[in-house]
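Structure first, commentary second.
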Amino acid sequence: MSTLITNIAELMTQDADQRVLKNAAVVVEGERISWLGPASEAPAADDAVDAGGRALLPGWVDSHTHLIFAGDRTAEFEARMAGESYSAGGIAVTTGATRSTSDFDLTRLAMGRVSEAVSQGTTYLETKTGYGLDVENEARSARIASTVADEVTYLGAHLVPAGADAEEYTELVCGPMLAAVRPFVRWADVFCERGAFTEDQSRRVLQACRDAGLGLRVHGNQLGEGPGVRLAVEFGAASVDHVNYLSAADVDALAASWSGWDSGSGTGRGTVATCLPACDLSTRQPLAPGRELLDAGVQLALASNCNPGTSYTSSMAFCVTTAVLQMHLSVHEAVRAATYGGALALGRETGNDADGERAVGSIAVGHRADLHLLNAPSATHLAYRPGIPLTHAVWRAGVRAR
């Protein structure tokens, strides 16, 4: 079954050539894109959709979320808005609620959050464990996450539980807990930050997870300058996320990690800097220096960081708008960070018909048909009309989801 989407006013491909096509069309066949180009040259298809002069983008790729949770932290948010500073300790509140919630209800809640994200144009997303913080509940979270998300990350090293010895807990994260979650996850993460895990503890977690064959990510440099970026680059992590407080050396290290990158083959890739602007606003931290990072040659991603404590939103459009209006990215740069950049952070930016692992985050022949049709003639309206819900239609792996 093939579908022709035609009368597209602006097609922002975010492909290797970063093309922006006018008066364009796309053909979707099964779960893949089989053709794109001028609407006047479009081939016949089994079905046709008139885009009505709207803009078409790749679906958002949300590379950083925490969807497996129960409970509410409204009181913490209110206190922070009244002037209290953010600390990592609030995670414990969510851990208690999550542990006491049934598998059925945790799955139902997570599926609702995924549905909400898809309705706003997100077509590929990652989520983490990290609100279980014991072997049984981390394994349960990983198993549930594997049924609702496209990519799952092990975050047993989110916080040392109250009353636990930090060294003993780190050993648990590196040993029995890692073994329990391993069948369900592709990635591992560590919160390398004051109040969470030290440099030495973070290093041990990253090493153990790498030895177990997992890809690596790091929560780093959120609350102040620290070792997170340096560790991420040293271990070849796919991304380092938050990056609010960076030294010149941090920026240089991230830039240097991309010096040998070949975007066509995916070889020589570096560490993506993932900015989480909705979280920055909620915690009243300085916005991550996205403009500086891009200018230095660092590959950038934008993600929602959807979680109950510091960023309870799955709106990637809000993140894009914030990046344009407050982080000084162009619309094209912000959309690229929220699509191709997220795919790059998840190692899913390449792939085609030949290998069966279809790329996401860009619109090109052979890539997965993840498409986001805006109720606007251009992507510029995402920032030009902030706060207006502009998602008109969504295709996820070729299936219309909205």
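Observations on the model:
- Relative contact order for region 277-332, counting Cα pairs under 8 Å that sit 6 or more residues apart, in percent: 38 percent
- In Hz, Karplus ³J(HN,Hα) per residue of region 54-65 (6.51, -1.76, 1.60; θ = phi - 60°; x = Gly, Pro): 9, 8, 10, 10, x, x, 4, 10, 8, 8, 8, 9
- Region 306-402: GluC sites (Glu not before Pro) in DSSP loop, at most 15 other beta carbons within 10 Å: 357
- Under a Gaussian network description of the chain, with springs only between Cα atoms under 10 Å, the residue in 182, 80, 32 that fluctuates furthest is 80.
- Whole-percent carbon and sulfur share, accessible surface of region 1-142, 1.4 Å: 50 percent
- Rounded, prolate or oblate (a/c below 1.5 giving rounded, otherwise prolate when a/b exceeds b/c) for region 249-402 by Cα gyration tensor: oblate
- Region 248-402: relative contact order as a whole-number percent, Cα under 8 Å and 6+ apart: 16 percent
- Loop-located trypsin sites (Lys or Arg not before Pro) in region 190-259 (DSSP state other than H, G, I, E, B) with a sparse environment of at most 14 neighbouring Cβ atoms within 10 Å: 194.
- Counting charges near residue 296 (Lys, Arg +1; Asp, Glu -1) among other residues having Cβ under 11 Å from its Cβ returns a value of -3.
- A simple charge model with +1 on the Cβ of Lys and Arg, -1 on the Cβ of Asp and Glu and nothing else charged puts the dipole of the chain at about 640 debye relative to its Cα centre.
- For region 152-212: rounded, prolate or oblate by the Cα gyration tensor [a/c cutoff 1.5]: prolate
- Over the chain: helical MRE at 222 nm, DSSP H runs n ≥ 4 each giving -39500 (n - 2.57), nearest 500: -9500 deg cm²/dmol
- Applying the criteria of a DSSP loop state and at most 16 other Cβ atoms within 10 Å to the GluC sites (Glu not before Pro) of region 67-158 yields 84.
The values are calculated or read from the model by the stated rules, or taken from the named source; none is laboratory data. Quantities reported herein were computed from a predicted structural model and do not represent experimental measurements. All Cβ positions, glycine included, derive from the backbone under ideal geometry; neighbour counts span all protein chains shown. In case anyone asks, the SASA skips ligands and DNA or RNA and just uses the protein heavy atoms, side chains included. Shrake-Rupley method; radii C 1.70, N 1.55, O 1.52, S 1.80 Å.
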